[in-house]
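Working notes, beginning with the structure itself.
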Amino acid sequence: MARTYRSTFFWRLRDRIITFMLTREMGPPGLYLLTVPGRRTGILRTTPVAPLEDDDGRWLVAPYGPDGWARNARAAGRVTLRRGSTTESLVVTELPAVEAAPILKRYLAEHPRTVGAYFDVDKDASLEEFAAEAARHPVFRLQAS
């Protein structure tokens, strides 16, 4: 069974260090700070994310399950991505399982060490198996607002 939530001290400390680095235009390539208002309080919440990008578009994957940012993004319908001084306001649309499956497969193939334990399939599984995973790992299409 895959783990469902990353709540350890290590993960929280790691996120704070990455957040500090990304606000200063440093940090690993491909990472951004996602900011979204809380669905109940409206307080802005920020977390590091690694969106997928290619010629077909941009997507946000919730690799650790539908944790806070994914539920908040679903409720708000829009998010902000930031890296250093560059900020983008984007509309998010959750994909149905059939459309999310190839995105999830690609995400797992690109990040097997960091998120592999949170999936019940491996990177070589069929698209049908990834479609079944989509309920546990929401995928959002990012579009300019």
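Just so it is clear, none of the values below were taken in a lab; they were calculated from the coordinates. What you are looking at is a predicted structure, and each value in this text was computed from that prediction instead of being measured. For neighbour counting, all protein chains shown are included, and Cβ atoms are generated from backbone atoms with ideal geometry for every residue, glycine included.
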Taking other Cβ within 10 Å of each residue's Cβ, how do Met21, Met26 sort, fewest first? Met26, Met21
On Cα atoms only, tilt of 9-23 relative to the major axis of the chain in degrees: 60
Residues with amide H under 5 Å from that of Gly84, placed H, sequence gap 5 or more: Thr23, Arg24, Glu25
222 nm [θ] for the chain, helices only, -39500 (n - 2.57) per DSSP H run of 4+, per residue, to 500? -10000 deg cm²/dmol
Can you quote the Å³ per residue value for the convex hull of the Cα atoms in segment 68-120, rounded to an integer? 125
Once amide hydrogens are built 1.01 Å from N within the peptide plane, the residues lying 5 or more places from Gly30 or on another chain with amide H under 5 Å from its amide H are none
Under a GNM of the chain (C-alpha, springs under 10 Å), which listed residue has the highest mean-square fluctuation: Thr23, Thr41, Thr93? Thr41
Quick check on the chain: what does the Kirkwood estimate of hydrodynamic radius come out to from the alpha carbon pairs, in Å? 15.5
Taking 48-56, 67-75 and ranking on average Cβ neighbours within 10 Å, highest first, one gets 67-75, 48-56
Most fluctuating residue given options Leu104, Leu33, Leu44, as computed from a GNM of the chain linking Cα atoms under 10 Å: Leu44
Return the loop-located GluC sites (Glu not before Pro) in segment 74-145 (DSSP other than H, G, I, E, B) with at most 16 other Cβ atoms within 10 Å of their own Cβ; answer none if there are none. none
Loop sites in segment 81-123: trypsin sites (Lys or Arg not before Pro), DSSP, at most 11 other Cβ within 10 Å: none
